[in-house]
Amino acid sequence: MNNSFNYTRFSLLVKRQWVENKKLFLMASFALFGLGVIFYSLSTNWEIGQISDVTRPMFLVGGLYIAGSFFTNYLLKDFADKNASTNFLLIPASHLEKLLSVCVYSFFAFPILIFIIFFVTDYFFVHLANSVHASLVLKNHIVNDKSWQENELWYKQMFEKTDDFVYALIGSWFITQTFTMVGSIMFIRWSYIKTAFIGFAVILTLILCSNFVMGLLIGEFDRMPESSKHGFYLQVKPTRDFLEMLIRMAMKFVFTPILLLIAFLKLKEKQV
Amino acid sequence: MIQIKNLSFDYGKQKTVFRNLNLTLTDGNVYGLLGKNGAGKSSLLRRIAGLLFPTEGTCTVDNFSPQERLPSFLQEMFFLPEEFHTPPVKISEYVNTYAPFYPNFSREQFKDYLEEFQLSENEKFTELSLGQKKKALIGFALSTNTKVLLMDEPTNGLDIPSKSQFRKIIASVATDERIIVISTHQVRDLDSLIDPIIILDNSEVLLHANTEEIAEKLCFKNVTTVTNHEQVLYSEHSLRGFSIVTENTDKEVSKTDLELLFNATLANPTKIKQLFD
């Protein structure tokens, strides 16, 4: 018997999440859609039919990060209660399967849902705002209104963004999700607040220390290294760009797997 | 078989739950785990289930290390805690979701138990009383047909008819391959069901014996006056005088009274340990 991963057990765990939470998932989806409508309504200048390009992505990013971390915390809500924890830990499935079943909802189902909600809301409001402007043009007999630009669907703009922007967004989002997972498994009470607090503390520390640390690193590397016994010199002089590139690479490929590993180990060590 | 060797467990430095605990539980028995509140009954069950890890020593269940919580171990072990979690779904949905994890789960058996407890599969857990929820979970636990069944205070919250139904059902599912461990402080609820008896107190096992052995070594009787004080291990007032526990030196035949046994063990632990060692 495979004690590490079995597809049947894994799919049963995925089904379990759905059976136990489907009503809440549906209610949350409608709530998010409602929030999107409010957000877009407030971001639109109805007098000229123009949607703010600055605030539109805020809904997507806010939804992904804030609602996403809430959602992940909710998926692991069992750990906030001793009896529910007992039930979850004793389901005959491996820790890996249990963690992956959470990942299915957290990494795949949720972003799909939030993108659908965002693009539907965006599509609806773009067409509404454009039609408002068109009716204004007709009503006031305006010809060639150069002060107004037609609202474009945001997904078109998104694909015009640089790779780095999209990758940074995706990378940091995965980090947020896995960080929330670790916090939700580790803490029993107020796990979301505690995780958020630690998260903000880490971000603040990184921001405050980044200049200092980079200065130190570059300063150290800046010195000429000693010669090797073969008699040639190795000249290494990392620049700020190089270090920033390393951090970006770590954000994309390193932090998420490390945090997932920590979540897995915390789950294995969990006692109730 | 459940084998516990030199097990030590504590909740921080202040509270030691067990120190060098040794215990062997064999297949085909319904063990009664008795002890005062805080004696460590629930902790021991949680340890066997793999929910708590020891600071020292080992615990194996059919050669599995419970703390690894491997699926092959978990599908042969069911733990029903005293306080339990039920999701906000119908009983039928619960069964459809959780039963496939247990290869020996019997739907027919489950239906019979629900019928016995006068519950319907279409009822939602949120609409049931605590006792009804417990009955549904007891039915589920027994239907999993796992080799190891651990129950922590299963009769708490059950009404009087349900307690006798519970005894009847447990007696019917006890097989030679199965180990059932029931922890309780309501010994009368499980009288004539649990055998052997394990009594825990002060981080150690005071008594681990079957009822035959207990009846052989101890005598339980009702007397009007207590005369032979040296031989009396424990006495308490009863309606007809005194209920006493004495050493069974004259090989008398008496029925084991679990409550008297429990009180006698706590009142005279050294003597009881000597008798059963």
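The values are calculated or read from the model by the stated rules, or taken from the named source; none is laboratory data. All of these numbers come straight from a predicted model, not from anything done at the bench. Here the Cβ is made from the backbone with ideal geometry for all residues, glycine too, and neighbour counts use every protein chain on show. Just so you know, the surface numbers come from the protein's heavy atoms only, side chains and all, with ligands and any DNA or RNA stripped out. Shrake-Rupley method; radii C 1.70, N 1.55, O 1.52, S 1.80 Å.
Assorted remarks:
- Entries in A:K98/A:K156; A:K270/B:K111; A:K15/B:K41; A:K23/A:K252; A:K22/B:K111; B:K13/B:K135 that, when Cα-Cα distance is taken, lie over 30 Å: A:K98/A:K156; A:K270/B:K111; A:K15/B:K41; A:K23/A:K252; B:K13/B:K135
- Put simply, the C-alpha atoms of the stretch B:1-84 give a gyration tensor, and the ellipsoid matching it has half-axes of 20, 15, 14 Å, longest first.
- Area projected by the alpha carbon convex hull of the stretch B:98-180, averaged over all directions, nm²: 5.4 nm²
- Here each label is just a point 7 Å from Cα along the line to Cβ, and for A:F124 and B:N210 those points are 7.1 nm apart.
- Stretchable slack from B:Y11 to B:F53, in nm (0.36 nm times residue separation minus alpha-carbon distance): 14.0 nm
- Counting all C-alpha pairs of chain A, share separated by more than 23 Å (%): 65 percent
- Once all protein chains are placed together, B:Y102 keeps about 20 Å² accessible to a 1.4 angstrom probe.
- Of the listed residues A:Y40, A:Y123, A:Y65, the order by accessible area with a 1.4 Å probe, largest first, is A:Y123, A:Y65, A:Y40.
- Over chain B, DSSP H runs of length four or greater, each weighted -39,500 (n - 2.57), average out per residue to a 222 nm ellipticity of -8500 deg cm²/dmol.
- Normalising the average separation of contacting C-alpha pairs (under 8 angstrom, six or more residues apart) by the number of residues puts the relative contact order of the stretch B:2-208 at 31 percent.
- Exposed trypsin sites (Lys or Arg not before Pro) absent - longest run of chain A, DSSP non-H/G/I/E/B, at most 10 other C-beta within 10 Å: A:1-145
- Rg/Rh for the stretch A:1-47, where both radii come from Cα atoms and Rh is the Kirkwood radius: 1.39
- Rg(Cα)/(2.2 N^0.38 Å) for chain B, N = residue count: 1.07
- The residues packed around A:L75, meaning those with a beta-carbon under 12 Å from its beta-carbon, carry a net charge of +1 if Lys and Arg are +1 and Asp and Glu are -1.
- Cα-based equivalent ellipsoid, the stretch B:211-276: semi-axes from gyration tensor eigenvalues, Å: 17, 13, 11
- As a rough guide to protection, the peptides B:43-52, A:169-178, B:171-180, A:201-210 ranked by mean Cβ packing within 10 Å, highest first, stand as B:43-52, A:169-178, B:171-180, A:201-210.
- Counting Cβ atoms of other protein chains within 10 Å of each residue's Cβ and taking the mean over peptide A:262-269 gives 1.
- The stretch B:127-277, relative contact order [Cα under 8 Å, separation at least 6], %: 18 percent
- Distant alpha-carbon pairs in the protein assembly as shown (separation over 44 angstrom), percent: 39 percent
- Beyond 22 Å, the tail of the calculated P(r) for the stretch B:165-235 holds 38 percent of the Cα pairs.
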